[in-house]
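Heads up, the thing below is written out as structure tokens.
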Amino acid sequence: MKYSRKDAKDYARQNFKGLWAAALNPFKGADLALDEAGFAKNLAHWNADLGVDGVFVSGKQGEFYAMSVPERKRTFEVAADAARGKFGTIMSCSDQNMDTVIDLAKHAQAVGADYIVVHAPILHFTKAQDETLYEYYKYISEQVDIGIAMWSHPDSGYLMTPEACARIAELPNIVAIKYSVPREMYAKLTRMVGDKIQVSTASEEEWFDNIVELGWRLYLCSNPPYLFQTKTDRRIRDYTDLAFKGEVKKARAIRDSLDPVRQAFRRSRPAEKPPAHAKYWQELLGQVGGPVRRPMLNLTDAEKKAAREALEASGLGRAAQSSAA
């Protein structure tokens, strides 16, 4: 461990910042085994070429729900080994089974992860969740020393209230939250917690405004940092750095210039196939993608054609081709 449990908040204040990307796990072969070499290659490219500061490992975009516990642990090991001294890691230990959460959390701590993230659980038969959630995160925090990020998303069937999050934020090794909620909710929580924890959300389209208006310093996180950038076209990194420095007008212009890429990505994404679409987009940019595992569906040839045409029309495709030439 790089810090003690009581120092987790201080460590995160100093180090948990910048652009963090939610990794897609590449699979290969007839048995859809984890492509460890491909994963490590992607991680190195995102950091060295795209300016990604940290990676979120085996979350929902990484298809953790379709992986065994040993496989999830292996992704932690590959990412931690690739990251040493270069970029940060946050390992997703989300699961409905508490024993699995704790097992994964202890493994993440043992292999040298910087932080873990745990999704708010699905809670059956409940309408008021605040006390249940406090005890849930309190129990996890007592089992490990590593810094913990909360994670609230509609997939749980409810949204954690700002009041519940602020109470949980008082626990010594709670250091952040990925708060996938309406802006008024995460803005309220930001005001409530001050610098006790880092508040962030997955929307890249809201990232610039959140730097400027809310003083955020952490993007946690989704896949735009490696899907909307190439080695020669690092506009998310560029506008982020300018906004951090207070050069708002320049940063806004760069942020706005990415709208054709955002629209192309959104326009070409089939409603039921976000992971497959993102993985194919990776391949078009020269990264390692691969197929998805069930229950997710792969793209049809027609859907791949639509993605290729959308990327080429966006302008980012041409930058990628120039980079590869």
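Read through the list (1) closer than 30 Å to residue 300 by Cβ; (2) touching a Ser or Thr at 6+ places or on another chain (Cβ under 7 Å), then give the number of the only condition that residue 267 fails.
Condition not satisfied by residue 267: (2).
Only one residue in 16, 27, 39 is closer than 24 Å to residue 175 by Cβ, surrounded by 17 or more Cβ atoms within 10 Å (Cβ to Cβ) and of a type outside the set (Ser, Thr, Tyr). Which one?
Testing whether each residue is closer than 24 Å to residue 175 by Cβ, surrounded by 17 or more Cβ atoms within 10 Å (Cβ to Cβ) and of a type outside the set (Ser, Thr, Tyr) leaves just 16.
Which residue pairs have Cβ atoms closer than 6 Å, lie 6 or more positions apart in sequence or on different chains, and pair a first residue in segment 84-110 that is surrounded by 14 or more Cβ atoms within 10 Å (Cβ to Cβ) with a second residue that is assigned to a strand (DSSP E or B) and among the aromatic types (Phe, Trp, Tyr)?
90/56; 90/115
For segment 121-154, give me the residue count where each residue is modelled with pLDDT under 95 and not in a loop (DSSP other than H, G, I, E, B).
Residues in segment 121-154 being modelled with pLDDT under 95 and not in a loop (DSSP other than H, G, I, E, B): 0 in total.
Restricting the search to segment 149-192, which residues are over 18 Å from residue 131 (Cα atoms) and β-branched (Val, Ile, Thr)?
175, 181, 190
How many of the residues in segment 187-232 are open to solvent by 20 Å² or more (accessible area, probe 1.4 Å) and closer than 16 Å to residue 243 by Cα?
8
Are there any pairs with C-beta distances below 6 angstrom linking a residue in segment 250-262 that is touching a residue at least 40 places away in the same chain (Cβ under 8 Å) to a residue that is assigned to a helix (DSSP H, G or I), with the two at least 6 apart or on different chains, and if so which?
251/239; 251/242; 251/243; 255/208; 255/239; 260/314; 261/314; 261/316
Take segment 188-207 and flag every residue that is touching a Lys or Arg at 6+ places or on another chain (Cβ under 9 Å), in a loop (DSSP other than H, G, I, E, B) and of a type outside the set (Val, Ile, Thr).
If the condition is that a residue be touching a Lys or Arg at 6+ places or on another chain (Cβ under 9 Å), in a loop (DSSP other than H, G, I, E, B) and of a type outside the set (Val, Ile, Thr), then 195, 196, 202, 203 are the ones that fit.
Provide a single number: the residues in segment 288-313 that are surrounded by 19 or more Cβ atoms within 10 Å (Cβ to Cβ) and over 19 Å from residue 30 (Cβ atoms).
The number of residues fulfilling the criteria is 3.
List pairs: first residue in segment 7-30 and within 15 Å of residue 282 (Cα to Cα) and at pLDDT 95 or above, second residue of a type outside the set (A, V, I, L, M, F, W, C) and surrounded by fewer than 16 Cβ atoms within 10 Å (Cβ to Cβ) anywhere in the structure, Cβ distance under 7 angstrom, at least six positions apart or on different chains.
Here the result reads 27/293, each pair linking segment 7-30 to a residue that is of a type outside the set (A, V, I, L, M, F, W, C) and surrounded by fewer than 16 Cβ atoms within 10 Å (Cβ to Cβ).
Could you tell me which residue of segment 208-230 is nearest to residue 279 (Cα to Cα), considering only residues that are in a helix (DSSP H, G or I) and of a type in the set (Phe, Trp, Tyr)?
Among those residues, the one meeting the criterion is 226.
Yes or no, residue by residue, for (1) assigned to a helix (DSSP H, G or I); (2) at positive phi; (3) small (Gly, Ala, Ser):
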residue	(1), (2), (3)
42	yes, no, no
61	no, no, no
75	yes, no, no
78	yes, no, no
85	no, yes, yes
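Looking at the structure I just gave you, is residue 256 over 22 Å from residue 42 (Cα atoms), more than 21 Å from the chain's Cα centre (by Cα) and not hydroxyl-bearing (Ser, Thr, Tyr)?
yes
Name the single residue, out of those in segment 87-109 being hydroxyl-bearing (Ser, Thr, Tyr) and not in a helix (DSSP H, G or I), that is farthest from residue 36 (Cα to Cα).
Per the stated criteria, the residue is 94.
The values are calculated or read from the model by the stated rules, or taken from the named source; none is laboratory data. This one's a predicted model, so the numbers in the text were calculated from it and none came from an experiment. Don't worry about glycine lacking a Cβ; one is built from the backbone with ideal geometry, like all the others, and counts go over all protein chains shown. Quick note on the areas: whole protein, heavy atoms, side chains included, nothing else; ligands and nucleic acids left out. Shrake-Rupley method; radii C 1.70, N 1.55, O 1.52, S 1.80 Å.
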